[in-house]
Each structure stands twice: as structure tokens, then as C-alpha cells.
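One structure is given here, and the rest of the page talks about it.
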Amino acid sequence: MAKVRNWQLGREMDYPYEENRPGRQVSMLFDLNKCIACQSCTMACKTTWTAGKGQETIFWNNVESKPYGFYPLAWDVKVLALLGEQAQPWSGNKYNGTTIFEDLGMNQRIKGYLPDEMDYAHPNLGEDECLKILDGEGDYIKGPTHKNWGFFFPRICNHCTFPGCLAACPRKAIYKRQEDGIVLIDASRCRGYRECVAACPYKKSFYNDTTRTGEKCISCYPKVEAGLMTQCVTQCIGKIRLFGFKSADYDKITSKQVRENNPIDFLVHVRKIALPIYPQFGTEPNNMYLPPVHVNPDFLAQVFGPGVENSIKQYRNAGKDKELLAALLLFGTTERICDTFKLEGNETVGYDPQGKEIIRVPLTEPVYIRQVKNLKTGAFLTNNS
Ligand code: SF4
Ligand code: SF4
């Protein structure tokens, strides 16, 4: 095992390979306050990439409802149990528990589990249970009661800095691209051992029993290579997503080198409002979430780590924080990847890597007051004519 630096844990950790960060890293941000579970993202991905035989229950993008919705069934609860830490052993920003790569048994390379076939059969089983107080009668899931909260949780592969899938593959069929950090499976090398499926703590590596190979999200790399965001981002009805590149080597660079005018770096590294999903798993996931402000803080802390309070405080104040608002209003506004952004008066402006303007969004929408009556005839107007 090598020692690698994981900034999300605030410490070094064990990993089977030496640290090898790409030059830049794809990253997707999700504003969980805005997701409406319309599943447009799921269908955009499915119709683009996974409509073939053997992919009937495979969703590279899924949206589950928390706390009781899962895909596959109980995935995060099972991984937390493997780590043996339902409690949160954080001291400040340092994680004191073990990751999936640490405290291993004899001949164990990674802590993981292989879901049963039926765990994928009903995506988001239990989705309705979070929307009211559990009282037992007629509920599918029997468990402790809780207050009335829930949220929708879109998930794709995190194109992790220390991927569990890559570390587990005995064929070395999985690789992380140096140019953008996208993690891919070379199907010609894969022999379908399913080690990646067991090792990915987010259960985002899948087994296709028709092709008998592993498969996973490819971050729409043909689009990304053309400077475009992925299908799930551009089809998102709620405009909850932003896709781009963030500095890959955050921990080793000084704060001066963080690109404050890059929207992803700004929200992740400067404001620290976008947080990783289950950082304690240890893979340094590169998708980041703005937590839902109405949800139980203990639950959020378990999912997104110690930065939740700071994130929610900033989000609640975003209406008065023009710089933050400028970055948040870029979500869902263009298919082109924004390299930089700038607040200009009452507008936020996004630029491509050549510095060309690609999007301009007002911070406050203009208001038009329509006439109630036609001034000549006195008739009430039901439209703007
Ligand atoms: S989320 Fe899973 S499949 Fe994706 S890179 Fe990380 S470990 Fe691999
Ligand atoms: S398309 Fe957007 S709003 Fe709809 S479920 Fe997906 S992430 Fe949520």
C-alpha cells in the first residue's frame, strides 16, 4: 500500500497505487435544494448510453429519495456498516475512522460487497417512505420514526481521485485519464470478474450479464472533448447541475493558485459550499453537492462530512451575497463548459477557455407588469395581446 494525500479526509491514507493526479479533473456540482426527481437526467443518460441488452436495470445516472430510497438496495447503509462507523469520527476537518482501503483483513484488498441481482430490480424501492412520519401501518419499511423530511439525490460515477473500482481490478482494465480525470473501463481487457462492482462504494460500476463485462459512466467524454457538458446536465429540468473542471491538485497548491474565477473551484475550494458525497469512504469523489437546507443536520453530516453547517449558512444568505449568487446562477444555463466567470453589475457572465463570452445571466429577473384590461375596449385580457 502507498500513502496518498486525501484532502477530503484532512490526512494521508493507504491506497494500492501511488498518487497520480490528472492535470485537471472533471467535476459535477448538484444543488440538492432544486432537484424535483423528474428523472430527465436518468432518461437522458439511459437513451444515450444504456439502452442495449443486458442494461435493463443499469442506470449510470439514478435519482433516489433519501433517507429510505436506494439504488441498489441499501447501498450506503451497507458500506457504512462495513466501515464499522455509523458514528462520525471526525475531529474538525480530519477523519479519524477507516476508509475502504484501510484496516483490512488477511488477503483483503478493499472493503466492499457485491449487491444481489434483485437489489437492482426496483430502483429507489422505499422512495415514498421518507415523505411522512413512519407509523408502521402499511409502510413497506419498518423502522424508527422520524420527522417529515426527505430529499431527492441524483448520483453518477464520481470519477474519483482514488477509485475503488480501479484499485480492485485484477486485469488492470480500469484507468483514469490524465487529460481530464475521467475513469474508464477498457472492455477489451475486462473479463467480468465484478471486482469493480464490489469495490465501488457508490455502486456505480455495473456488471452487464449479456456482454459479461463491467461498465460505468463515461462522463459523456465525446461531449467533454468538444467543450460541452454531459447529457444529464444539459437535460436537467431543475437546472440543479453545473459541470466543469476543477484544480486536481488542491491540497498541494497554495490558495493563490486556486482559480477563484473558475466556478467549480470557487464553489468547492474557495467558498467550500459544495461538499463531497460520503468522503469517509476514502476515494476522494469529484462530484460535489450543495446539501438541502431543510434536512436533519445529523443525517447531512453523515452523508457530506463536516462542512454542512458552513455550506447551509452560506446558501441561506445567497440572496444577499452577489458573488455567490453569480456562481449559483450559472447552473443549467448553457451546454458549454464555463472556464471562468465574472460578476458584472447585476449580471453573471461565463467565458470559455479562450476568454470568449458564452453566457450572460441577470441576477434578478426583470419584472413585466401586464395590463389587466384592453384600454380601447375595456375587455379583461387573458394573455399579453
Ligand atoms: S464512483 Fe465508483 S465507479 Fe466511479 S470512479 Fe469512484 S469507485 Fe470507480
Ligand atoms: S433532471 Fe435534474 S431535477 Fe430532474 S431528477 Fe435529474 S437532477 Fe433532479
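Bear in mind that the values in this text are calculations on the coordinates, not laboratory data. These numbers come from a predicted model, not from an experiment. Neighbour counts are summed over all protein chains in view; Cβ atoms, including those assigned to glycine, are modelled from backbone coordinates with ideal geometry.
Measuring between their Cα centroids, the range 43-117 and the range 328-373 lie 36 Å from each other. GNM on the chain, alpha-carbon springs under 10 angstrom: the most fluctuating residue among Leu275, Leu328, Leu114 is Leu114.
Between the range 152-185 and the range 231-288, the alpha-carbon centres lie 16 Å apart.
Sequentially through the range 235-252, phi angles give Karplus couplings (6.51, -1.76, 1.60; θ = phi - 60°) of 8, 5, 5, x, 6, 8, 10, 9, 10, x, 10, 10, 4, 7, 9, 3, 5, 9 Hz, Gly and Pro residues having no value and appearing as x. From least to most packed, judged by other beta carbons within 10 angstrom and beginning with the fewest, Lys322, Lys216 follow the order Lys322, Lys216. Note on the chain: GNM, Cα springs under 10 Å; of Arg316, Arg241, Arg109, the largest mean-square fluctuation is that of Arg316. When every Cα-Cα distance of the range 154-236 is counted in 10 angstrom steps from zero, the calculated P(r) takes the values 18, 49, 29, 3 percent.
Computed from backbone phi with θ = phi - 60° and the Karplus coefficients 6.51, -1.76 and 1.60, the 3J(HN,Hα) list for the range 34-40 is 10, 5, 10, 6, 6, 6, 4 Hz; x is used for glycine and proline.
Bridging of Lys223 to lysines at a Cα separation below 17 Å is possible for Lys46, once same-chain residues fewer than 8 apart are set aside. Between Ile36 and Ala226, the FRET efficiency from the beta-carbon distance, with R0 = 35 Å, is close to 0.75.
Between Leu275 and Tyr289, Leu290, the built amide H atoms are under 5 Å apart, and every one of these is 5 or more places off in sequence or on another chain.
Summary of packing: across the peptides 23-34, 154-165, the per-residue average of other C-beta atoms within 10 Å ranks them, highest first, as 154-165, 23-34. A Cβ-based charge dipole, computed about the Cα centre of the chain with Lys and Arg at +1 and Asp and Glu at -1, lands at about 800 debye. Taking the Kirkwood radius as Rh and the Cα radius of gyration as Rg, the range 337-385 has a ratio of Rg/Rh equal to 1.38. Given R₀ = 22 Å, what would the calculated FRET efficiency be for Arg360 paired with Ile237, taking r from the Cβ atoms and rounding to 0.05? Working from the Cβ atoms, E equals 0.50. What FRET efficiency would be calculated for the residue pair Arg171, Met118, taking the C-beta separation as r and a Förster radius of 25 Å, to the nearest 0.05? Result of the calculation: an efficiency of 0.40. Here the translational diffusion coefficient of the chain follows from Stokes-Einstein with Rh set to the Kirkwood radius across Cα pairs; for 4 °C and 1.567 mPa s it amounts to 59 µm²/s.
Which Cα, out of Val270, Asn317, Gly350, lies furthest along the positive dipole direction of the chain (beta carbon charges, K/R +1, D/E -1)? So the residue furthest toward the plus end is Gly350. Just checking the listed ones, Ile237, Ile253, Ile36: in the Gaussian network model of the chain with Cα springs under 10 Å, the one fluctuating most is Ile253.
Mind checking which of Ala198, Phe101, Pro306 is farthest towards the positive end of the chain's charge dipole, using Cβ charges of +1 (Lys, Arg) and -1 (Asp, Glu) about the Cα centre? My answer, from the dipole projection, is Pro306.
Computed from backbone phi, the HN-Hα couplings of the range 333-344 come to 9, 8, 7, 7, 6, 7, 7, 9, 9, 8, 8, 10 Hz, rounded to whole numbers (Karplus: 6.51 cos²θ - 1.76 cosθ + 1.60, θ = phi - 60°; Gly and Pro given as x).
Annotation: amide H-H contacts under 5 Å for Asn62 (H modelled 1.01 Å from N, sequence separation of 5 or more, or interchain): Arg155.
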